[in-house]
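Engineer: Below you'll find the structure I mean.
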Amino acid sequence: MNIIRLLVARAFQSFLLLFLVSIITFVLIRKAPGLPEILSHPELSEEDSARLMTQLGLDRPLHIQYIDWAWTTVRGDLGDSILTKLRVWDLIKAALPGSFYLTVTALSIAVIVSIPLGIISAVKQYSMVDYVVTGLSFFGASIPGFWYAILLILLFGVTLGWLPTSGIRPLTRDATWVDTLRHLAMPALVLSTNAMAQLTRYTRSSMLEVLQKHYIRTAHAKGLKEVIVIARHALLNSLFPVITVIGLLIPIMVGGAAVVETVFAWPGVGRLAIDSAIRRDYPVVMGVTLLISIVTIVSNQAIDILYIFLDPRLRDNEAGM
Amino acid sequence: MNSRMLSLLSMIAVLGLLISACQPQIVEVVKEVPVDKIVEVEKQVVVEKVVEVEVGHVPDGPEGTLVWGLSADVGATSWDASKPEHWVYASMFNGLIRYSTETFEAEPELASSWESSSDGLTWTFHLRDDVYWHDGQKFTADDVKFSFDAIMNPDNPTGYHRGNFADVESIDVVDDVTLNINMLNVNYDFLPLLGDFMHIFPEHILDGVDFMNDKSFAQNPVGTGPFKFDSHLVNESYTVVANEAYFKGAPKLKRIVFKIIPDASVKVAQLRTGELDVVTDIGAPEAAAIQGVDDLVLLTPATIAYWHMFINNTTPYTEDKRIRQALHMAIDVEAIIASVMDGYGVRTAGPVGPPNGLRSNPDLQPYPYDPQGAIALFAEAGWEDTDGDGILDKDVDGDGTRDPWQDGIIIIPFMAAWADVGLVVQQYWNDIGLDVTLRHYDTAEGFGLVRADEYITYVGSRNPVPSSIDLSRYFGCDAPGNWFHYCNEEVDGFIAQAKQTADEDERRQLYYKAQEILLDDQPSLVMFNVVDLQVINKCVAGYNHDKSVRFNFLDTHLFSKEC
């Protein structure tokens, strides 16, 4: 029963949040100066402009437009792109696989590399290994992705010729899985770099904190080997904050991979979001924002619920909030 | 200082850093510049380069794939033809006529010949009998009537093209291969307008379709052109394949893949690795990056497109034409071409510049760079620095106090170098005693402000239709494109007269007169004609660049990849 109440309460919370986010986004993008590209063409006359506005439904009062959008969206219809006439859902569907591959790969690389590095760094604090890892983390966190991406393209794409310079697949022939991996290599590396830097540091500091705890001292006192102490007692506890960060990274990567996607001409959700916002393609902006919000909210709620299962201390308190 | 204070202070410091790192959207750049002249940069640039491409083997039938780089995805229809992405449609569709790429004369395309009635009110077109749509149906005059009626229909999103039909009353089908266009007014310069991306669409597919909302045609276009639609991966690529039944003969290429690559440096990288064969919208920095690369050729055709300082003619700061002339004279355009455009520009005296060939008035001279002359003209118009603050002033609002000449040049990143040009112009204008700042907006926002007349000047460009009618559509008193609110009835008079003149030479002289007046009136400060930068791989043959910039894919059926 507890579980059901928990899930229902969280679902209700989520809907409320989505609703709020959609209103704010709608108002912001409509209030932003400028109009969809086809309306701001220099050659368009006043009356043609006015006519187009009416045909697109853009001259109605704002709240009517929102209600119209919300009503059709709730019934499953995200509408059509103003610029390409394609269905918003089709555009998003086309962009999802790209974002999925990129995010999953980048996140996996980040997790696989960072967590062991962070743990080693913490366990051997202030050693050479620690300094090297810390240095690399700062480097990875501060490097501008855009510049780094182009450097990689120049090195691996142009000079060495090992990897394709952009895109998700070779467009002149059918793709094999080797092609997919080769196309994925550089974008995933660039996207994961910042995440790796953050995760390494988080893991390190979290582990350091746990290593100070009394029960670790007790474990040492019991005569347990270092490895057992870390693996059995320290690891899981230190990973809690790290799981939170991973959960937060997912939506960031989905929506925020825009720079990587633009440089590598990767067809993903981030690029769709940026393009449509700049060109004021309102239905697409709303659709993409909704999608990213859902991903964010769902992953946050999932992490929360995961915590409740993992950490016995939280279970008894949890009454749905 | 205890640790609490210390951490509070460091938090504030970090916060301060963060806030300062987040720049607001609008950046006002006020520059103090010394009045001394900037060093003159001389640059030699070969503007028209004839490229000899070694012909390897010439294929008998369609062979090979050409990969073409685009910056953004293709839009829904070619009626929105304002950007390179939409020119993809030119490989799949034809118009009644097309332009000659050198002289802009009308050449036969779907129409094999035409004549006008003696009173000029009816144009009769004789259409080809051997044209088929990509789905096998025969092309007839019904398709032409359908397409033109659709463009003229105010319920369709064709505002951009509807202006081309301003003088047309109706279209009549005489028989399958004969069509009459009935004019409201005599307009002997009407013909070139039919080559301005006026593609003919299939009536048998589109009859009854709601153009505002239809998606199916955009997802599966059917035309008469040298290439047929094959596939479209949204935001990735657009592929067309050879139409072997093309009425001008089968193309020599089997397939063209238009790859969508937003980033300019990546385009260059791909040109170097051979992943891209052609890129036609490259900028000066990228052009420099490919100099000396063996496999690539840089083409630099001068086009009829031009850059100008767009001026709102109705503000008290700009309504006097002497002020506009002075603003022009205060700018060293040659230096801008040499520095900002890397030499890729042709100084021109007006909207119909030298690349237009015979249509350009050869006697007109562009304004020289003359800051002293500019200051004198300002003085004539009543602007002087009376209070010694270095800025010219005059009482414009009639309240008894003098107001400084101020302008916030609007910078819209529609084209990358507009910002650089704006920066330089700002310096020149500040040099002669004006108070000029820069206002940056994104494209949608910036154009919105211009439409609302909330600007004094902005850096802009124009890609005119290669017809002298273009002048009236832009500078005519009631023209829809006349965003600067310029009005000179003499100009309107010459153009109206020219339209009624059947003789080509006489017509041309009348347009010359209109250009003369425009030079004097300076509704906008036309600075230079754009030199288009195009990069092709040496293996690509038959490439025909085109001065109007709009029709780069005109001869797609002639392209071949020969290595």
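Engineer: In whole Å, what are the extents of chain A along the principal axes defined by its C-alpha atoms, from largest to smallest?
Structural biologist: 85, 60, 35
Engineer: Report the one residue of A:Pro251, B:Val491, B:Ser237 whose Cα lies farthest in the direction of the positive end of the charge dipole of the protein assembly as shown (charges on C-beta: Lys and Arg +1, Asp and Glu -1; origin at the Cα centre).
Structural biologist: Looking along the dipole axis, the top candidate is A:Pro251.
Engineer: A further question on this structure: Once Rh is set to the Kirkwood radius over Cα pairs, what Stokes-Einstein translational diffusion coefficient, in µm²/s, holds for chain B at a temperature of 37 °C and a viscosity of 0.692 mPa s? Mind showing how you got there, number by number?
Structural biologist: Details: Rh = 25.9 Å.
Result for D is 127 µm²/s.
Engineer: Among rounded, prolate and oblate, which fits region B:339-456 when a ≥ b ≥ c are the square roots of the eigenvalues of its C-alpha gyration tensor, a/c under 1.5 means rounded, and a/b larger than b/c means prolate? Let's see the in-between values first.
Structural biologist: Values: a/c = 1.96, a/b = 1.33, b/c = 1.47.
Judged from the Cα gyration tensor, region B:339-456 comes out oblate (a/c at least 1.5, b/c at or above a/b).
Engineer: Sticking with this structure for a sec: Shape of region A:107-184 from its Cα gyration tensor (a ≥ b ≥ c, root eigenvalues): rounded if a/c is under 1.5, otherwise prolate when a/b > b/c, or oblate?
Structural biologist: Working: a/c = 3.41, a/b = 2.10, b/c = 1.62.
It comes out prolate by the Cα gyration axes.
Engineer: Residue by residue through region B:298-303, which ³J(HN,Hα) values in whole Hz follow from phi under the Karplus form 6.51 cos²θ - 1.76 cosθ + 1.60 (θ = phi - 60°), with glycine and proline marked x?
Structural biologist: 3J(HN,Hα) across region B:298-303, in whole Hz: 9, 9, 10, x, 7, 10.
Engineer: In percent, what relative contact order does chain B have, based on Cα pairs under 8 Å that are 6 or more apart in sequence? Walk me through the intermediate numbers first.
Structural biologist: Values: 1104 pairs, mean separation 120.1, N = 563.
After rounding, I find 21 percent.
Engineer: I've got another one for you. How large is the charge dipole for region B:218-270, taken about the Cα centre, if only the Cβ atoms of Lys, Arg (+1) and Asp, Glu (-1) carry charge, to the nearest 20 debye? Could you put the intermediate results ahead of the total?
Structural biologist: Working: 7 positive and 4 negative charges, 47 e Å.
Using Cβ point charges on Lys, Arg, Asp and Glu, region B:218-270 gives about 220 debye.
Engineer: Normalising by the residue count of chain A, find the relative contact order in percent from Cα pairs under 8 Å and 6+ residues apart.
Structural biologist: Details: 341 pairs, mean separation 90.2, N = 321.
Averaging sequence separation for qualifying contacts and normalising by length gives 28 percent for chain A.
Engineer: List the residue ranges in chain A for DSSP H helices whose C-alpha atoms run 27 angstrom or more along the long axis and whose Kyte-Doolittle average is 1.0 or above.
Structural biologist: A:2-31, A:88-123, A:235-256, A:282-310
Engineer: A follow-up question, please. I need the peptides A:163-169, A:107-113 ranked by packing, meaning the mean over residues of other C-beta atoms within 10 angstrom, with the highest value on top.
Structural biologist: Values: A:163-169: 23.3, A:107-113: 17.0.
Top to bottom by mean Cβ count within 10 Å: A:163-169, A:107-113.
Engineer: Just check region A:193-321 against the gyration tensor rule for me: Cα atoms, a ≥ b ≥ c as the square roots of the eigenvalues, rounded for a/c under 1.5, and otherwise prolate or oblate depending on whether a/b exceeds b/c. Mind dumping the intermediate values first?
Structural biologist: On the way: a/c = 4.92, a/b = 2.09, b/c = 2.36.
Oblate is the answer for region A:193-321, as a/c is 1.5 or above yet b/c matches or exceeds a/b.
Engineer: When the convex hull of the Cα atoms of the protein assembly as shown is projected onto a plane and the area is averaged over all directions, what value comes out in nm²?
Structural biologist: 46.3 nm²
Engineer: Projecting each Cα onto the charge dipole of the protein assembly as shown (Lys/Arg +1, Asp/Glu -1 at the beta carbon, about the Cα centre), which of B:Gly69, B:Ala330, A:Pro187 comes out farthest on the positive side?
Structural biologist: A:Pro187
Engineer: Contour minus end-to-end for B:Glu319 and B:Asp210, with contour as 0.36 nm per residue of separation and end-to-end as the Cα-Cα distance? If you can, show how the numbers build up before the last one.
Structural biologist: Values: separation 109, 0.36 × 109 = 39.24 nm, distance 4.44 nm.
Contour length minus the Cα-Cα distance gives 34.8 nm.
Engineer: Okay, next question. Can you tell me what share of the DSSP beta bridges in region B:352-446 is antiparallel? A percent to the nearest 5 is fine.
Structural biologist: On the way: 3 of 9 bridges.
Among the beta bridges of region B:352-446, antiparallel pairing accounts for roughly 35 percent.
Engineer: In Å², rounded to the nearest 100, what is the total accessible surface buried by chains B and A against each other with a 1.4 Å probe?
Structural biologist: Details: alone 24650 and 18480 Å², together 38960 Å².
Buried area between the two chains comes out at roughly 4200 Å².
Engineer: B:Asp385's amide H: which non-local residues (gap 5+, or another chain) put their own amide H closer than 5 Å, with H modeled 1.01 Å from N in plane and none for Pro or chain starts?
Structural biologist: B:Asp393
Engineer: Apply the Karplus parameterisation 6.51 cos²θ - 1.76 cosθ + 1.60, with θ equal to phi minus 60°, to every residue of region B:453-465 and state each ³J(HN,Hα) to the nearest whole Hz, in sequence, with x for glycine and proline.
Structural biologist: Listing the rounded values in order: 6, 8, 7, 10, 9, 8, 7, x, 8, 9, 10, x, 5 Hz.
Engineer: For region A:213-242 and region B:452-524, what is the separation of their Cα centres, given in Å?
Structural biologist: The two parts, judged by their Cα centres, are 82 Å apart.
Engineer: Also, I was wondering about something else. How much mean residue ellipticity at 222 nm does chain B get from its helices, if each DSSP H run of length 4 or more adds -39500 (n - 2.57) and you divide by all residues, to the nearest 500 deg cm²/dmol? Please list the in-between numbers first.
Structural biologist: Working: 15 runs with 145 residues, N = 563.
Value at 222 nm, helices only, nearest 500: -7500 deg cm²/dmol.
Engineer: For peptide B:446-459, what's the mean number of Cβ atoms from other chains within 10 Å of each residue's Cβ?
Structural biologist: Numbers: counts 3, 9, 7, 2, 2, 7, 1, 0, 1, 0, 0, 0, 0, 0.
Per residue, the average neighbour count from other chains is 2.
Engineer: Please give the peptides B:7-15, A:204-212, A:59-67 ranked by average Cβ packing (other Cβ atoms within 10 Å per residue), highest first, as a rough proxy for protection. List each step's numbers first, then the result.
Structural biologist: On the way: B:7-15: 10.3, A:204-212: 18.4, A:59-67: 12.4.
Final packing ranking: A:204-212, A:59-67, B:7-15.
Engineer: While we're here: Hey, if you put +1 on the Cβ of every Lys and Arg and -1 on every Asp and Glu Cβ in chain B, which of B:Ala106, B:Phe258, B:Ala444 ends up farthest toward the positive end of that dipole?
Structural biologist: The residue sitting most towards the positive pole is B:Phe258.
Engineer: Using modelled backbone amide H atoms (1.01 Å from N, in-plane), which distant-in-sequence or interchain residues come within less than 5 Å of B:Thr437's amide H?
Structural biologist: B:Asp407, B:Gly408, B:Ile409
Engineer: Name the residues whose placed amide hydrogens come within less than 5 Å of the amide hydrogen of B:Ser170, ignoring near sequence neighbours (fewer than 5 apart) on the same chain.
Structural biologist: B:Asn182
Engineer: Using only the alpha-carbon atoms, what does region A:1-109 span along each of its principal axes? Please give whole angstrom values in decreasing order.
Structural biologist: 62, 36, 23
Engineer: Would you mind working out the magnitude of the charge dipole of the protein assembly as shown relative to its Cα centre, with +1 at each Lys and Arg C-beta and -1 at each Asp and Glu C-beta, to the nearest 20 Debye?
Structural biologist: On the way: 65 positive and 110 negative charges, 1286 e Å.
Magnitude of the dipole: close to 6180 debye.
Engineer: How large is ³J(HN,Hα), in whole Hz, for each residue of region B:87-100 in order, when computed from phi with the Karplus curve 6.51 cos²θ - 1.76 cosθ + 1.60 and θ = phi - 60°, using x for Gly and Pro?
Structural biologist: My calculation for region B:87-100 gives 6, 3, 5, 5, 7, 10, 10, 10, x, 5, 10, 9, 8, 6 Hz in order.
Engineer: Using unit Cβ charges (K, R positive; D, E negative) and no other charged atoms, how large, in debye to the nearest 20, is the dipole of region B:309-349 about its Cα centre?
Structural biologist: Values: 4 positive and 5 negative charges, 34 e Å.
My answer is approximately 160 debye.
Engineer: Further question on the same structure: Average partner chain C-beta neighbours within 10 Å, per residue of B:68-74? Working shown, then result.
Structural biologist: Details: counts 0, 2, 0, 0, 3, 6, 1.
For this peptide, the per-residue mean of nearby foreign Cβ atoms is 2.
Engineer: So, one more: When you look at the Cβ of every residue in A:85-97, what mean number of other chain Cβ atoms sits within 10 Å?
Structural biologist: Mean shielding by partner chains, rounded to a whole number: 3.
Engineer: Which three semi-axes in whole Å describe the equivalent ellipsoid of region B:175-226, each the square root of 5 times a Cα gyration tensor eigenvalue, listed largest first?
Structural biologist: Values: eigenvalues 140, 37, 35 Å².
Taking √(5λ) for each Cα gyration eigenvalue gives 26, 14, 13 Å.
The values are calculated or read from the model by the stated rules, or taken from the named source; none is laboratory data. Just so it is clear, the structure is predicted and the values come from calculations on it, not from any experiment. With ideal geometry, Cβ positions are generated from the backbone for all residues, glycine too; neighbour counts draw on all protein chains shown. Only protein heavy atoms, including side chains, enter the accessible area calculation; ligands, DNA and RNA are left aside. Shrake-Rupley method; radii C 1.70, N 1.55, O 1.52, S 1.80 Å.
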